[in-house]
1. Could you list, in sequence order, all residues of the stretch B:86-116 that are hydrophobic (A, V, I, L, M, F, W, C), at pLDDT below 95 and assigned to a loop (DSSP other than H, G, I, E, B)?
2. Name the residues in the stretch A:123-135 that are within 14 Å of another protein chain (Cβ to nearest Cβ) and either surrounded by fewer than 18 Cβ atoms within 10 Å (Cβ to Cβ) or closer than 24 Å to A:Asp68 by Cα (or both), would you?
3. Could you list, ordered by first residue, the pairs with Cβ atoms under 6 Å in which the first is in the stretch A:45-61 and facing chain B (nearest Cβ under 7 Å) and farther than 17 Å from A:Leu114 by Cα and the second is among the polar types (S, T, N, Q) and in a helix (DSSP H, G or I), at least 6 apart or interchain?
4. So which strands (runs of 3 or more DSSP E) are wholly in the stretch B:5-85 and hold at least 1 residues that are within 14 Å of another protein chain (Cβ to nearest Cβ)?
5. Could you tell me which residue of the stretch A:12-29 is farthest from the chain's Cα centre (by Cα), considering only residues that are of a type in the set (A, V, I, L, M) and at the interface with chain B (Cβ under 9 Å from one of its Cβ atoms)?
Amino acid sequence: MTQLTEFTAKAAQPEEVVVSIATESDLIQVRQVLRAQADEAGLGLVDQTKLVTAGSELGRNILTHAKDSRGVMRVEQVRTQGRSGVRAEFTDEGPGIDDVDAALTDGYSTKGSLGLGLPGSKRLVDEFSIASAGGSPTTVVIIKWQR
Amino acid sequence: VNESLPIMRIGDTLLVSLQGDLDDSTVMRIETRLTEEVARTHATGTLIDVSGLEVVDSFIARVIARVVGMVRLLGSEAAVVGIQPAVAITLVELGVPMGHLDTALNAEQGMALLARLRAADDTAD
C-alpha cells in the first residue's frame, strides 16, 4: 500500500533537481546530478558521458561569462513516444550574448578559451536551444534521449 | 579536496594517476606537484594515467595537454594513457584538439611508447 502511494506521488509530480552554480566546485555537483539523472533515464555510458560533459561546459560558461558568475541548472526526466531522456536548463542573470550565431561557431571566444563551450556541447546532445540577447539573461536547454 | 596525488616511480619513469571528479583547483595543484616531481627525480619519461577519469571536459583536456607540454619542456618524454572509450568519443565530438599528444591504451603500452620516444630522441642527437 505504501509503495503504491509513493509511486502515485512520483508519477503526479516529476522531480526537478536544481543546482545553483556560483563556484567551480559546483561543477562537480552539476556533473554528479547529470550522471545520476542520465543513469535513471537509462542512457548508455557514451550518452551519459556526452550529457555530463555538455553540462560541464555549459556550467563553466556561466562561471566565465555570467553576471556575478552565477546561474542555475534545472534537471528533469522527460519522456516522448516511449523514450526517456534528460532535460537540463542552464540560466543566468545576464549580461546576455550579443551575437548568438558567432557564439555557436567553433573557436569563437571572448575570453581566450578554446571557444568550444556552446558549439561543442551542442554537438554532444540531441536537442539544444538557446535564448539570449545583449543585456538580458541567457537560457540554454539541452536534452539527451535514450537510444 | 583530495590533497594526495599518486605519483609512482618506475625506473626513470613517473606514473601519475588522475582520479575521480577533479575540480579546477585540484587540477592546478597536480600541475605544480608533477612538474616539481619531474625536476626533482630527473625522470626521463612521464605517463599521465587518466583511466580513472569518467568525464574530461574542455578545461580538463586543456590542462592535460598543458601538463604534457610542461613535462616535455623539462626534458622528459610524456604520454597520456588509459583514456576511456566514452571519453575519447566525447572529446572528438566536442572538438578538443588532442591529436598532437602521444597516447597509449594503458600504462604498459605507455612504457613501451616512452621507450620508443627516448630511442628516437637518441637517434636524433
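1. B:Val96, B:Met98, B:Leu101
2. Those that are within 14 Å of another protein chain (Cβ to nearest Cβ) and either surrounded by fewer than 18 Cβ atoms within 10 Å (Cβ to Cβ) or closer than 24 Å to A:Asp68 by Cα (or both): A:Arg123, A:Asp126.
3. A:Thr49/B:Thr90; A:Lys50/B:Thr90
4. Correct list: B:13-19, B:45-52.
5. From the stretch A:12-29, those of a type in the set (A, V, I, L, M) are A:12, A:17-19, A:21-22, A:27-28; that's our starting set.
Add one more test, that the residue is at the interface with chain B (Cβ under 9 Å from one of its Cβ atoms), and what stays is A:27-28.
Working: A:Leu27: 11, A:Ile28: 13 Å.
In this case the residue turns out to be A:Ile28.
The values are calculated or read from the model by the stated rules, or taken from the named source; none is laboratory data. These numbers were taken from a predicted model, which means no experiment stands behind them. With ideal geometry, Cβ positions are generated from the backbone for all residues, glycine too; neighbour counts draw on all protein chains shown.
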